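These notes are about the structure you will find just below.
Read-outs: derived from the displayed coordinates by stated rules, not from any lab. As the structure is a computational prediction, the values presented were derived from the model and not from experiment. Here Cβ is always computed from backbone atoms with ideal geometry, including for glycine, and neighbour counts include all displayed protein chains.
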Amino acid sequence: MRNMTPEDIDEVHGIELSVQAYPWTRGNFIDALKYGYVCCVDEDNGALRGYAIMMPVVDEAELLNISVAAAHQRKGLGKMIIKEMLQKALAMNLKRVYLEVRPSNVAAIALYRRSGFELIGVRRDYYQNANGSEDALVMSCDLSGEANGQA
Ligand SMILES: CC(C)(COP(=O)(O)OP(=O)(O)OC[C@H]1O[C@@H](n2cnc3c(N)ncnc32)[C@H](O)[C@@H]1OP(=O)(O)O)[C@@H](O)C(=O)NCCC(=O)NCCS
């Protein structure tokens, strides 16, 4: 993994459009870099395989985006990317990482559970979808557990 640069954005956005049901815009990625969020890419032989974006807020962080290119899914890459993001959060002395996820995104929920996140709440009608709205599940990973090797 390495830090994302502005030169990565076209390739990142191409992956985003191909794997996300509700993709970020190019501008969302430009803003994430501009605001100094933790933006990382996984690169192999000059091609990006995945990326993640995390927003630190005081002593916590929110994992805003994690995506793995379709050809590389189900090979453990998502789990490895989350592990690296949690290690970065730990190195920044953050206490926990939380995220919001659509209940319909079963792959992401399974990945988060396997990566040490637990469900802590539900935000009603948080997302727009084709049927109107959808709840958000709020999940959290306690980094004191991570530090103790429990997660
Ligand atoms: C969610 C996502 C990042 C997972 O990446 P990945 O590299 O395929 O995940 P991994 O191979 O590390 O899988 C780790 C575990 O997550 C779970 N998982 C991953 N994909 C799954 C799927 N399609 N269905 C069910 N469980 C899944 C499994 O428990 C898996 O472990 P296993 O393969 O040993 O059973 C990937 O599917 C993706 O990019 N999805 C589109 C973008 C997205 O929805 N991101 C999350 C919201 S921002």
Exercise. Using amide H atoms built 1.01 Å from N in the peptide plane, name the residues 5+ places from Asn65, or on other chains, whose amide H lies under 5 Å from its own.
Key: Ile53
Quiz item: Using a cut-off of 14 Å between alpha-carbon atoms, which aspartates and glutamates can reach Lys95, once sequence neighbours fewer than 8 places away in the same chain are excluded?
Solution: Asp59, Glu60, Glu62, Asp142, Glu146
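How large is the helix-only mean residue ellipticity at 222 nm for the chain, computed as the sum of -39500 (n - 2.57) over DSSP H runs with n ≥ 4, divided by its residue count, in deg cm²/dmol to the nearest 500? Mind showing how you got there, number by number?
Details: 5 runs with 49 residues, N = 151.
Rounded to the nearest 500, the figure is -9500 deg cm²/dmol.
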Quiz item: How far apart, in nm, are two points set 7 Å out from the Cα along the Cα-to-Cβ line at Asn105 and at Tyr127?
Solution: 0.5 nm
Quiz item: Full extension from Leu90 to Arg2: what is 0.36 nm times the residue separation minus their Cα-Cα distance, to one decimal in nm?
Solution: 30.0 nm
Quiz prompt | Two-site label geometry, Glu43 and Ile30: point separation in nm, points 7 Å out along Cα→Cβ | solution = 2.1 nm
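Any idea what the relative contact order of the chain is, in percent, if you count C-alpha pairs under 8 Å spaced at least 6 apart? Write out the running numbers ahead of the final one.
Working: 247 pairs, mean separation 25.4, N = 151.
This gives 17 percent for the chain.
What number comes out for the charge environment of Leu17, summing +1 per Lys or Arg and -1 per Asp or Glu over other residues with Cβ under 15 Å away? Write down the numbers at each step before the final one.
Working: positive: Arg26; negative: Asp8, Asp10, Glu11, Glu16.
Residues close to Leu17 contribute a combined charge of -3.
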Quiz item: If each of Ser144 and Glu60 carries a label point 7 Å out from its Cα toward its Cβ, how far apart are those two points in nm?
Solution: 1.5 nm
Self-check item: Whole-Hz ³J(HN,Hα) from phi, Karplus 6.51 cos²θ - 1.76 cosθ + 1.60, for the stretch 81-93, glycine and proline x
Solution: 5, 4, 4, 5, 5, 5, 5, 5, 4, 4, 5, 8, 6
